[in-house]
Amino acid sequence: MAIGVFDSGVGGLTVHRELTRRFPRRDFIYLADQANAPYGGRGGEDIVDLTRAGCERLFEAGASVIVLACNTASAIALRRLQQTWVPEAQARHGRPVNVLGIIVPTIEAATGLPWTFEAERHSEKIEAIDVTGVFCTAATAMSRVYEIEIDKRREDLAVFSEPCPGLAGLIELGAPAEELKVVVDDHVDALRRRIGRHPDKAILGCTHYEIVADLFAAALPPGTTVIHQPTAVADALERYFLRHPDYDLGSSGGREFLTTGKPGPQSDLVAQFWGEPLTFNPA
């Protein structure tokens, strides 16, 4: 048995790397749906179907808990899978299984509040004193999940999502840093112009963007707080496993990397941020 990590591509490796650091003795299976990446420009039903298929492949490979290391899949597919598909998958596989997302931990980190907290509504409007910018895919931006869920907990935070179409695809293809810098700078400036100033906090709302977190940090003013999803997810998963010790997560420290796309070595960019070359096997 193992912890499964799923993403449309290699961006989820940023979360995977932090999880393996936090749980070094656990077994991990990573699945990249590169044959269908990126997800950000796809329709909702397509995203649900692809995410379900990827999770089923991971359950078949022995995963007990799957982390959707993809904001688009977490925003669009997670709730439906948890409500309608996971119970059936538990019965079919005959063991405890679950699918978790990465948006809840990110919102907890951004608000400093637990997911169960819901703010009291005030009759008079509270002027937001902090602005949080969310850089994300078009699908995540359209879902407005960050705006809705943060507003439920913190009326004093204003949230603006900046869709970055094409950026995840460029990162996936291993585009040079010079090309990525131009795209990142353009989106940071677009958000600044839209809200009238730079945000006080920034959420990298696509796990691919964590690979170029240094470019976002350089484009934003010094001192801007950046919410890093890998750390937030690892913190939340640690708490989750303490509450749910019934999952078999393996104990041999195994690491397996699968892809629906072309197997073999991944891009130089991945090798650079991972620290060594990675080779994927066919899913």
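The values are calculated or read from the model by the stated rules, or taken from the named source; none is laboratory data. Here the structure is a predicted model, which is why all the values come from computation and not from measurement. Every residue, glycine as well, gets a Cβ built from its backbone with ideal geometry; the counts of neighbours run over all protein chains shown.
Results, tabulated for the structure shown:
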| read-out | value |
| --- | --- |
| Condition check for Ala110: touching a residue at least 60 places away in the same chain (Cβ under 8 Å), under 22 Å from Leu237 (Cα atoms) and outside the structural domain of Ile29 (by TED's automatic domain parsing) | yes |
| Search result, residues across region 238-283 that are within 17 Å of Asp27 (Cβ to Cβ) and of a type in the set (Val, Ile, Thr) | none |
| Filter result (more than 21 Å from the chain's Cα centre (by Cα) and modelled with pLDDT of 95 or more) within region 159-180 | Glu178, Glu179 |
| Looking only at region 187-240, and only at residues there that are surrounded by 21 or more Cβ atoms within 10 Å (Cβ to Cβ) and among the polar types (S, T, N, Q), the one that is nearest to Val5 (Cα to Cα) | Thr207 |
| Scope region 29-49; condition surrounded by fewer than 22 Cβ atoms within 10 Å (Cβ to Cβ) and either within 20 Å of Val97 (Cα to Cα) or not assigned by TED's automatic domain parsing to the domain that holds Gly253 (or both); matching residues | Val48, Asp49 |
| First in region 81-101 and under 11 Å from Ala63 (Cβ atoms), second anywhere and in a loop (DSSP other than H, G, I, E, B) and not charged (D, E, K, R), Cβ under 6 Å, 6 or more apart | Ala89/Val97 |
| Which listed residue, of Glu118, Glu155, Glu108, Glu127, is closer than 25 Å to Tyr240 by Cβ, of a type in the set (D, E, K, R) and at pLDDT below 95 | Glu118 |
| Residue within region 150-158 that is over 23 Å from Ile211 (Cβ atoms) and touching a Leu at 6+ places or on another chain (Cβ under 6 Å) present | yes |
| Unique match (being among the acidic types (Asp, Glu), under 20 Å from Glu147 (Cβ atoms) and at pLDDT 95 or above) among Asp200, Asp185 | Asp200 |
| Residue, farthest from Ile129 (Cα to Cα), within region 74-103, restricted to residues that are in a helix (DSSP H, G or I) and in contact with an Asp or Glu (Cβ under 8 Å, 6 or more places away or on another chain) | Ala89 |
| Single unsatisfied condition, Arg197 versus (1) of a type in the set (Lys, Arg); (2) assigned to a helix (DSSP H, G or I); (3) in contact (Cβ under 8 Å) with a residue 40 or more places away in the chain | (2) |
| One residue from Leu19, Leu58 being crowded, with 24+ Cβ neighbours inside 10 Å, at pLDDT 95 or above and either under 15 Å from Phe280 (Cα atoms) or not charged (D, E, K, R) (or both) | Leu58 |
